[in-house]
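Below is one structure, written out as structure tokens, with a few remarks after it.
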Amino acid sequence: MSAEPIIRFEQATKSYGEFAALEAFTLEVLRGEFLTVIGSSGCGKTTILKMINGLLLPDNGSVWVDGEDTADADLIALRRNIGYVIQNIGLFPHMNVWKNIAYVPSLLNKQDKDRTKKAVSRLMGVVGLDEDLMGRYPSELSGGQQQRVGIARALAASPYILLMDEPFGAVDEITRKMLQEEIKRIHHELDVTIVFVTHDIREALTLGTRVLVMDNGHIEQLGTPEEILAHPATDFVAALTEDRRPN
């Protein structure tokens, strides 16, 4: 992992009416890292993702992605390089697995159907899906399989940033652990920069190369899982990690 920042928030503020989701928020996400974001409900976690993707622009301050200010960027071009995975993945219900994953590669490859076929096959392997599932529809898949298809679709344009908003929250614990292992493997193999929002401190500490703890639009602590556990910076972080620290 390089020390070069690929995402940078500079004194970014975002409000919804009188509610400030982020206030003078400053953060650097390093190229190739796996940043997990955790905090109380309404602390600004999802707002961070939407501002990286240009779905929201800051009221004040700026957000930079790969050296470009999102306020001045071609947002369509920006989003082509950013995958986005959410909890309710929103697969196209009338399309089978192959068509769901092939949707973006088909647009990029135009008439080169063989290239699209190879891309879909590769992505099925990347997310650990059996190719026998290609003809199934989302309603015929388990929750874990649907999430894997959603991750494959998000990776279809070979993005250099992958945003994940509580993607495993709706699956059972066994499936969740399997998906956590898969996303760790994908991060290692593809060297993609991942920003992963979760409400589960165990998940944040398990997955993140760094962990960002948020509360009320402010950073409580940013550090490695080991630093967060050994040296909680505030009472909020101490309470959040209390049952995860060694006795």
For region 97-113, name all the residues that are open to solvent by less than 90 Å² (accessible area, probe 1.4 Å) and either among the charged types (D, E, K, R) or part of a loop (DSSP other than H, G, I, E, B) (or both). 112
In region 21-59, which residues are under 25 Å from residue 225 (Cα atoms), open to solvent by less than 10 Å² (accessible area, probe 1.4 Å) and part of a loop (DSSP other than H, G, I, E, B)? 32, 33, 43, 44
Has region 64-84 got any residue that is under 27 Å from residue 236 (Cα atoms), at pLDDT below 90 and not acidic (Asp, Glu)? no
Can you pull out every residue in region 179-228 that is of a type in the set (A, V, I, L, M, F, W, C), in a helix (DSSP H, G or I) and surrounded by fewer than 18 Cβ atoms within 10 Å (Cβ to Cβ)? 190
Mind checking whether some residue in region 167-178 is modelled with pLDDT of 95 or more, within 30 Å of residue 98 (Cβ to Cβ) and not in a loop (DSSP other than H, G, I, E, B)? no
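The values are calculated or read from the model by the stated rules, or taken from the named source; none is laboratory data. Keep in mind the model is a prediction, meaning the values are calculated, not measured. Every residue, glycine among them, receives a Cβ derived from its backbone with ideal geometry; neighbour counts consider all protein chains shown. The accessibility values were calculated without ligands, DNA or RNA, using every heavy atom of the protein model including side chains. Shrake-Rupley method; radii C 1.70, N 1.55, O 1.52, S 1.80 Å.
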